[in-house]
Amino acid sequence: MALLELKNISKIYGELKALDNVSLHVDKGEWVAIMGPSGSGKSTMMNIIGCMDKPTKGEVLLDGVDISKESSKKLTDIRRDKIGLIFQQFHMVNYLTAVENVMVSQYYHSMPDEEEALEALGRVGLRERAKHLPSQLSGGEQQRVCVARALINHPELILADEPTGNLDEANENIVLDLFRQLHREGTTLIVVTHDPEVAEAAQRTIVLEHGRVAREIINENFVE
Amino acid sequence: MTKRRMFLRMITASLLRRRSRMLIALLSIGIGATILAGLVTIYYDVPRQMRAQMRSYGANMLLMPADGETLTEARLEETLSRFPEETLVGAAPYRYVRLDMTSRQQSFTTAGTDFDAVQKTSPYFSVEGAYPAASREILVGKEIAETIGVKVGSEMELTWQPTAVAEGDASADWVPGAMLSGSAEGWSGGSVSISATLGEDGKIAEITVDASTQTAEFGGRAQTDEAFLNQFVGKSLPLRLTNVTDENAGAGIRTAMSAAPEGSDEVDALTGATVTSSAIVNALNGARTASAASQPRTMKYTVSGILVTGGEEEGYIFMALSDLEALTGEDRLDVAELSVSAEEDQLNAYAEGITEEDNGVTARLVKRVTKSETAVLGKLQALVFLVTVVVLLLTMICVSTTMMAVVSERRREIGLRKALGASDNSIRGEFLGEGIFLGTLGGVLGAVLGFVFAQVVSVNVFGSSITFQPLLLPVTVLVSVAIAAVSCLAPIKRAMAIDPALVLKGE
């Protein structure tokens, strides 16, 4: 069953076609990687899937609902309820502790619950670092906090933008292991990346070039 | 944990953990609030402060006797009791007479007054030497001092030359040890004359009567009847005749008798000689008045100081009111100069109240002083007001700029919050919350420091302290909160326009 369906979407900035008649189908529980060189339309696609932008043409169905014509206010609601975001630059609120950063996500979603937030940090192995400020955490630790933050509200879809782009190999593996765990639990994952190793961890890789889907690679070696 | 607690936790964390940034914002609000609170305090205190200063320009109200009335010290006291104590800076009574300096055959206008009060109503008086402290010390105007060549410490003899004193003027005082003589019309037009000596106590010590013109068996007896004559001894003038039994006593006699004032000493009429007795009493009373009125009195005074004012006061001699009364024997004032610390409207109200009360006193404002005082105060207040408004605007710009910088610096954070699902309203609420928190803190800081600021200005400029206005605290806090909130609005509007996608672009 499709969680996300892009139907012939285009995003046009004046003369430039950032996305040109792209279609994509992601099933519930699927783990998909999106690859492509700079300027291939990865970011535009990511923004549209993340409910932060709307296509010029085409339909976007998320959980069966067409979000391509919604107001930005409504898009905010959908993003909050259904999507967990992970960014390349980690992006934490720098004056809040690790646990508070997780709670911010709860705060906007429903009710802050410190216990639950601590449990989420425990899942990424950072329960002891809960009271630390971002400046006291390493890059890998910060990204793990961001993973905890993304999964705290049990989103239907986790959307990760270059999640390991700024991490060393050890931390990259920790993050990928977390993704594997989430996948096993049935969470749908869409990971935008440059890194073939990260892409190979996914079930399927979509390669974008010049705003079009150039090819689709099924990962034969995917381990469940 | 409720949403509200998380909200507060985020705001306090933002303020506490971003200390240096927030201190700058707090400082900008705090300094603005300080200057604002200080200026507002000064604005409201200026009239009070300046009014006290303005009083150095001299009296602003005059009290004078109403038509046909006499202004006495008692009446003045009564009138002054109308003024609240703190508004009456001073009230100087004045009585003006001409006194002769016989040795130089000159006469000078001399003012009897109260020197303590003069120093308050006319602070611009400058005295070389000292104000009179003891009795019989006087202040001589510079002009006179130069003309007659007196210096501080010189002695001057001044003579009071009484002019006509009204018949039967009981207030005319009495010289002990004086010899009195006089006469009055007795029975059938015959003149009865008396001579009397006063004792040191001012009472009659001895009296002789010449009633030779009167009928011997009636009025003539007044000359020799010891019981009748002895009753005069030891009594004070004026006298009143009582126990009138004579059937011949007509309207004229009653009129003469009733001329003696209330409270006069009484003597019984000689039986069968009421008209003669009445003539004797009238002659005594008349002699007393004539004596008191006609004798020039001289006293010696010491010059304690030379008065320099640059004005007409330099042509006057000033002495204590009590000294002048001793010399002239009169308790009356010509005018009282009042220095009242109040606005023009209030002064008008006081003056009208006094005049309308009809207590024999009329009040007038010294327009020259009150008008210029009002004008200067108005201009000064307008100036402070203008400065306050300018400071308010500058504060708003400063706070707004700071807030703008704070928001710009947090673009990424705002983008992140939006990406995490924050609605525009939550973003607005969070930044406004911080602004209000800062405004409150800055306002309290400003109210306290502003008072200190106003106090310092007041002490250095006006030389007096000010009282803390409790209302200023909530007002300053409210204004600071309002300024901080308004200043936040523009940056918040910008914040809400931030695209959440920017955080994804790996900036």
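Nothing in this text is a laboratory measurement; each read-out follows from the coordinates by a stated rule. Only a predicted model underlies this, so the values are computations on that prediction, with no experimental measurement involved. Note that we place each Cβ from the backbone using ideal geometry, even for glycine, and neighbour counts take in every protein chain shown.
Scan around B:Val152 for amide H atoms under 5 Å from its own, H built in the peptide plane at 1.01 Å from N, and keep only partners 5 or more places away or cross-chain.
HN-HN under 5 Å from B:Val152: empty list.
Per residue of region B:231-239, what does 6.51 cos²θ - 1.76 cosθ + 1.60 with θ = phi - 60° give for ³J(HN,Hα)? Whole Hz please, x for Gly and Pro, Karplus curve as stated.
Taking θ as phi minus 60°, the curve returns 5, 6, 5, x, 9, 9, 7, x, 10 Hz for region B:231-239.
Let me spell out the model: positive unit charges on the Cβ of Lys and Arg, negative unit charges on the Cβ of Asp and Glu, origin at the Cα centre of the protein assembly as shown. What dipole size does that give, in debye rounded to 20?
Here the size comes out at about 4580 debye.
Give the angle, between 0 and 90 degrees and rounded to the nearest 10, that separates the Cα long axis of helix B:367-409 from the longest principal axis of the Cα atoms of chain B.
10 degrees
Which three extents, in whole angstrom, do the alpha-carbon atoms of chain B cover along their principal axes, largest first?
143, 57, 31
Collect residues whose amide H, placed 1.01 Å from N in the peptide plane, falls under 5 Å from the amide H of A:Leu3; neighbours closer than 5 in sequence don't count.
So A:Leu3 has HN proximity to A:Val26, A:Asp27, A:Lys28.
Towards the positive end of the charge dipole of chain B, with charges on Cβ (+1 Lys, Arg; -1 Asp, Glu), say which of B:Ala92, B:Ala349, B:Ile280 has the farthest Cα.
Of the options given, the answer is B:Ala349.
Report, as an integer, the average count of C-beta atoms from other chains found within 10 Å of each Cβ along A:106-113.
Across the residues of A:106-113, the mean count of other-chain Cβ atoms within 10 Å is 5.
State the Kirkwood hydrodynamic radius of chain A in Å, one decimal place, computed from all pairs of distinct Cα atoms.
17.8 Å
For helix B:3-17, what angle does its Cα long axis make with the longest principal axis of chain B, in degrees from 0 to 90 and rounded to 10?
Between helix and principal axis, roughly 80 degrees.
Over the whole of B:12-23, what's the average partner chain Cβ count within 10 Å per residue? Rounded to a whole number, please.
Average per residue, whole number: 2.
Work out the P(r) tail for the protein assembly as shown: percent of alpha carbon pairs separated by more than 40 Å, whole number.
Cα-Cα pairs in the protein assembly as shown separated by more than 40 Å: 63 percent.
Provide the packing ranking of A:215-222, B:115-122, i.e. peptides ordered by the mean count of other C-beta atoms within 10 Å per residue, highest first.
Result, highest mean Cβ count within 10 Å first: B:115-122, A:215-222.
For chain B, with the dipole built from +1 on Lys and Arg beta-carbon atoms and -1 on Asp and Glu ones, taken about the Cα centre, which of B:Val46, B:Pro491, B:Phe462 lies farthest toward the positive end?
It is B:Pro491, whose Cα lies furthest towards the positive end.
Please give, to one decimal in nm, the separation of the simple spin-label points placed at B:Ala382 and B:Thr355, each 7 Å out from Cα toward the Cβ.
It works out to 2.9 nm between the two label points.
Out of A:Glu209, A:Glu116, A:Glu15, any idea which swings most in a Gaussian network model of chain A, alpha carbons joined below 10 Å?
Residue with maximal mean-square fluctuation among A:Glu209, A:Glu116, A:Glu15: A:Glu15.
What's the exposure ranking of A:Ser135, B:Ser195, going from fewest to most Cβ atoms within 10 Å?
A:Ser135, B:Ser195
Using modelled backbone amide H atoms (1.01 Å from N, in-plane), which distant-in-sequence or interchain residues come within less than 5 Å of A:Glu209's amide H?
A:Ala214
Among A:Ser110, B:Ser400, B:Ser81, rank each residue by its count of other Cβ atoms within 10 Å, from fewest to most, as a rough exposure measure.
Starting with the residue having the fewest Cβ neighbours, the order is B:Ser81, A:Ser110, B:Ser400.
Order by neighbour count: B:Ser487, B:Ser372, fewest other Cβ atoms within 10 Å first, most last.
Ranking B:Ser487, B:Ser372 by Cβ neighbours within 10 Å, fewest first, gives B:Ser372, B:Ser487.
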